[in-house]
Amino acid sequence: MKKAPFLFGVALASAIAVPAMADMATSPTAEHWQAGAMLGYGFKDVVGVGLGVRGGYTLPMNVYVGGTFVYHFGADHVSSFVLGVEGGYDFYLDPVIVRPYLGLGPDFFSVSSVCFQGICGGSGSDTKFAAWPGVAVFYPITENWLVGGDARVQIVSDVTNFQLFVNGGYKF
């Protein structure tokens, strides 16, 4: 748990440092809808491999508003999925777009029944509030297609973890 404040500090410092490096150029994502897929890993056993989708709109002043859904397969019959809203700012650092962001929403956590040598345990689920500050980087491979990476710290009341994703998307 002591890593969480450090990781949150790194994400926050990145979000503050990026504006100093950016010229205030309009991002190529400004005034466009975007949708994309994510594949990554959460560095806790109960999180593990994750698949997700993200979509949103970047306003003319480079402010991004959108949403995300990420499902983590976890380990030992444990899984979770997060569904929430995201807000950020797109800095255009030619040729890439850097987006510090904050996501908020519920984390739906479930444990499925486990059987071992004829003895079965129960199953259950729980929903808790989650926040995920992070930074995404997008590289345009064509006028409309983007690829990149995403680093975030997911904070839930009893589980905090660092997550890395690769992503690809389309700008409409």
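The values are calculated or read from the model by the stated rules, or taken from the named source; none is laboratory data. Just so we're clear, the structure is a prediction, and the values are computed from it rather than from any experiment. Glycine gets a Cβ as well: all are built from the backbone with ideal geometry, and neighbour counts include every protein chain shown.
So here's what we get for this one:
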| item | result |
| --- | --- |
| Neighbours by Cβ (under 7 Å, 6+ apart or cross-chain): first from the range 85-98, surrounded by 14 or more Cβ atoms within 10 Å (Cβ to Cβ); second part of a strand (DSSP E or B) and among the polar types (S, T, N, Q) | Glu86/Thr68; Asp90/Thr58 |
| Failed condition for Asp76, given (1) assigned to a loop (DSSP other than H, G, I, E, B); (2) at pLDDT 90 or above | (2) |
| Yes/no for Ala25 being in a loop (DSSP other than H, G, I, E, B) and touching a strand residue (DSSP E or B) at 6+ places or on another chain (Cβ under 8 Å) | yes |
| Residue in the range 110-118 that is surrounded by 15 or more Cβ atoms within 10 Å (Cβ to Cβ), under 18 Å from the mean Cα position of the chain (by Cα) and either assigned to a strand (DSSP E or B) or at pLDDT 95 or above (or both) present | no |
| Any hit, the range 121-129, residues being within 17 Å of the chain's Cα centre (by Cα) and not basic (Lys, Arg) | yes |
| Sole exception among (1) of a type outside the set (A, V, I, L, M); (2) more than 28 Å from Glu31 (Cβ to Cβ); (3) at pLDDT 85 or above for Phe165, by number | (2) |
| Residue list for the range 42-61, restricted to those being touching a residue at least 60 places away in the same chain (Cβ under 8 Å) and surrounded by 16 or more Cβ atoms within 10 Å (Cβ to Cβ) | Gly42, Lys44, Val46, Val47, Gly50, Gly52, Arg54 |
